[in-house]
Amino acid sequence: MNWRIEQREAFEVFGIERNFRFDEAGKIPVFWDECRQNGDYEKLFDAAGGARYPDGRGVPLEDGSFVIHAVCGYSDLGDNAYPYLICALKKPDHNTTGFKVVQIPKATWAVFRSEKTDRIGTEIPILFKQANSEWLPSSGYDHANGPNMEMYYTAPDGNYFEELWIPVKRAS
């Protein structure tokens, strides 16, 4: 399992929000599809200053990351639900009108990176399962209070990889 520990200062994201019950994780890909079909994804991409190749694909940022990512569990909705935000990292010049803005607190993150894949959006559930069932129990860390981040990247060879960011603290 490819992982690392990172410290990050607080930052903000903005995007399109929907709430899900814990038994509805399978509906998240449908939410992404709906946002692409109804134009919300494109509006978010443009608001985040995204650039496009002539064929319409988004140009990755300097670090290879996509402009659009996701975050979940950033507020408490009760025992059986969580908020999910298809989002972009907020910069001072971004117009966030019409989007939900979320503050991500300073945290220590366990970052899990997938293998390369030719299909984006397939690896996060696998990483989440591995992180929680394999890595966390023997890592010396506990899951900390805070949101989980989904980060998406383009590799230099044109394939993709994904990262799951989980807030952690040293086990007591």
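Where a number appears in this text, it was derived from the coordinates with a stated rule and is not lab data. Since this is a predicted model, take the numbers as computed values, not measurements. Cβ coordinates were reconstructed from backbone atoms using ideal geometry, including for glycine residues, and neighbour counts include every protein chain displayed.
Under a 5 Å amide H to amide H cut-off, with H placed in plane at 1.01 Å, what residues pair with Phe20 once short-range neighbours are removed?
Tyr82, Tyr84
Only loop residues by DSSP count here, and only those with at most 13 other Cβ atoms within 10 Å; note down the GluC sites (Glu not before Pro) in the stretch 83-155 that meet that.
Passing sites in the stretch 83-155 are Glu115.
With the chain treated as a Gaussian network of Cα nodes joined by springs under 10 Å, which of Ala48, Ala155, Ala110 yields the largest mean-square fluctuation?
Ranking Ala48, Ala155, Ala110 by mean-square fluctuation puts Ala155 first.
Evaluate the relative contact order of the chain (contact order divided by residue number), counting alpha-carbon pairs under 8 angstrom at least 6 apart; express in whole percent.
That works out to 30 percent.
Using only the alpha-carbon atoms, how far is helix 28-37 inclined from the longest principal axis of the chain? Give it as 0 to 90 degrees, nearest 10.
Taking the Cα atoms of the chain, the angle to 28-37 is about 10 degrees.
Set the bar at 28 Å for Cα to Cα. Now go through Lys106/Lys129; Lys27/Lys100; Lys43/Lys129 and name every pair that lies beyond it.
As for pairs spanning more than 28 Å Cα to Cα, those are Lys43/Lys129.
Would you please give the residues with an amide H less than 5 Å from that of Ala70, counting only those at least 5 places away or on a separate chain, with H modeled from the backbone geometry?
Cys87, Glu150
Output the Kirkwood hydrodynamic radius of the stretch 2-170, Cα pairs only, in Å rounded to one decimal.
Hydrodynamic radius (Kirkwood, Cα only) of the stretch 2-170 equals 16.7 Å.
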